[in-house]
Amino acid sequence: MTTYPFLDSVEDEFIQAGLNLTTVSELTEAVEKCKGMVLDTKEYSEERKWLVRYLIELRLRLEEAREAEVEKRKLDPIGTPDLSPSKDSLVSNERDQNKTRDKRIILGHHFFLQTPTRIVLKCDRCCTNIWGLLHLWYECRDCQYKAHMRCLQRIRRECAFVRVCETPYFSNDICPEAGLAAQGYRCYECKTVISHTLPQGMFFLGWRFWSENGWCEPRQCDYDGRYYCNKCHWDATVVIPSRVIHNWDFSERKVCCSCNSFLRLMLNRPVINLDLLNRQLFQFVVDLVTVKKLRSQFLLIKQYLTTCPSSLREKNKKKLIWSLNSHLIETSTGVFSLQDLIDVHRNTILPVLKETAYISTQHIRSCPVCKSKGYFCELCPRKKMNEIDDQNQNQDQNRVLFPFDDAAFVFVCEKCSAVFHRACWIKRNMDSCPRCERLQERRSLLQEPID
């Protein structure tokens with residue numbers, strides 16, 4: 001029996017043998033052979049889809065091997081002979097044969113044989129215990145799927161990491177149920193017979209008999225709306241993204257094992273664009289509006305800190321905006337990860353963002369390099385500044401302005417990003433920015449023909 005239900009034995013053996021290829025010549029030959037296999041398969045078939053995935057993986061490994069070979073040539077002295085004893089070659093061949101059992105590729109999973117451990121784990125395929133000191137067991141390095149060695153041939157669940165790479169977004173529908181009849185009264189994953197009632201006339205045999213002989217009670221997944229058996233659905237509870245987006249509902253609901261792994265891998269990925277999915281949510285959740293304003297402030301603060309040498313030191317990176325997740329200071333202010341929304345609901349992310357914004361702005365105001373890039377209000381009455389009696393107002397007018405200051409205090413030109421006091425802008429009843437006018441005059445002078 002092959003590890004892929006839709007591949008023949010030759011193709012399956014080729015995929016498993018390719019795990020031990022390391023040299024450029026071997027990988028190049030494997031890439032060409034895989035190309036031929038892809039062309040021989042039927043278009044849009046499952047067989048072609050998995051062979052194309054494996055072809056991409058081979059090409060990535062080929063590029064890594066070429067880069068490693070180039071680095072090795074740079075490090076080795078010129079004229080160094082390539083001498084390898086015959087004993088070492090025999091040992092390496094024996095080691096390669098052992099690696100055949102240590103690595104397996106099944107439905108996108110990259111399984112590696114694990115070392116013995118005292119921890120008792122649970123097999124994701126047969127749902128029985130894995131005794132680490134007694135059983136040989138494998139774990140996928142991408143999605144942490146665990147299975148006995150004897151269960152590898154019966155795995156029917158696609159690797160969640162493959163699903164994340166190909167469809168990196170959440171379902172926007174709330175529990176899109178199609179009904180058990182649409183699945184033919186079988187588990188969506190392993191195709192075990194499932195039904196809400198025992199077969200007629202067989203109640204005396206009991207639930208355990210039918211569970212062990214191919215029947216079990218269906219369990220619905222709240223994320224994809226499909227039904228699963230008790231081996232593919234362990235009643236794990238998670239927060240459903242679609243319910244958060246549409247209803248701001250953070251109650252945990254039961255999902256199948258496959259969707260649980262997918263949601264776990266997608267938890268910290270910034271893929272939820274509330275500006276497109278549910279813009280009205282900002283009208284009902286005040287903390288979301290505050291977080292969005294702080295992120296807009298971070299985008300302006302980042303322009304000052306990226307050119308400041310002292311802000312890039314390790315001791316300052318832990319305090320300034322560099323300590324935050326990269327998507328909070330780089331992506332659009334309306335894009336969140338599911339974990340961000342959970343933290344907003346629990347009120348754990350907002351204090352951190354406020355403290356980071358305060359420390360970052362204090363650094364810019366005190367750092368000579370950052371402060372020199374600030375603005376002075378051109379509209380303030382400079383001649384009468386010495387006659388001002390109020391010391392606080394005098395300090396306020398002499399203060400260096402920045403684009404990330406409070407919008408109630410400053411006005412930022414959208415074209416040239418010049419900063420003015422909002423009170424001065426309103427008092428002067430300005431229609432256009434003085435800096436923009438100067439720039440326009442300079443451009444017109446440069447464009448005039450010289451006599």
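The values are calculated or read from the model by the stated rules, or taken from the named source; none is laboratory data. Computed from a prediction, not measured in an experiment: that's the story for all the values here. Note that we place each Cβ from the backbone using ideal geometry, even for glycine, and neighbour counts take in every protein chain shown. When the accessible area is computed, the model is the full protein with side chains, heavy atoms only, and any ligands, DNA or RNA have been set aside. Shrake-Rupley method; radii C 1.70, N 1.55, O 1.52, S 1.80 Å.
Worth pointing out:
- Some residue of the stretch 303-316 being without any contact (Cβ under 8 Å) to a residue 60 or more places away in the chain, crowded, with 17+ Cβ neighbours inside 10 Å and either under 21 Å from Ser366 (Cβ atoms) or aromatic (Phe, Trp, Tyr) (or both): yes
- Filter pass, Leu341 being within 16 Å of Ser296 (Cα to Cα) and among the aliphatic types (A, V, I, L, M): no
- Note on the stretch 345-445: enclosed helices (runs of 4 or more DSSP H) holding 1 or more residues that are open to solvent by 90 Å² or more (accessible area, probe 1.4 Å) and at pLDDT below 85 are 391-398, 422-428.
- Residue pairs whose Cβ atoms lie under 6 Å apart, sitting 6 or more positions apart in sequence or on different chains, and linking a residue in the stretch 47-63 that is over 18 Å from Thr23 (Cβ atoms) to a partner that is open to solvent by 60 Å² or more (accessible area, probe 1.4 Å) and among the aromatic types (Phe, Trp, Tyr), are Glu47/Phe6.
- Odd one out for Leu90, checked against (1) at pLDDT 70 or above; (2) surrounded by 10 or more Cβ atoms within 10 Å (Cβ to Cβ); (3) part of a helix (DSSP H, G or I): (1)
- Verdict on Arg264 being part of a helix (DSSP H, G or I), open to solvent by 40 Å² or more (accessible area, probe 1.4 Å), closer than 26 Å to Asn172 by Cβ and basic (Lys, Arg): yes
- The stretch 278-292: number of residues that are touching a residue at least 24 places away in the same chain (Cβ under 8 Å) and either touching a strand residue (DSSP E or B) at 6+ places or on another chain (Cβ under 9 Å) or not in a loop (DSSP other than H, G, I, E, B) (or both): 7
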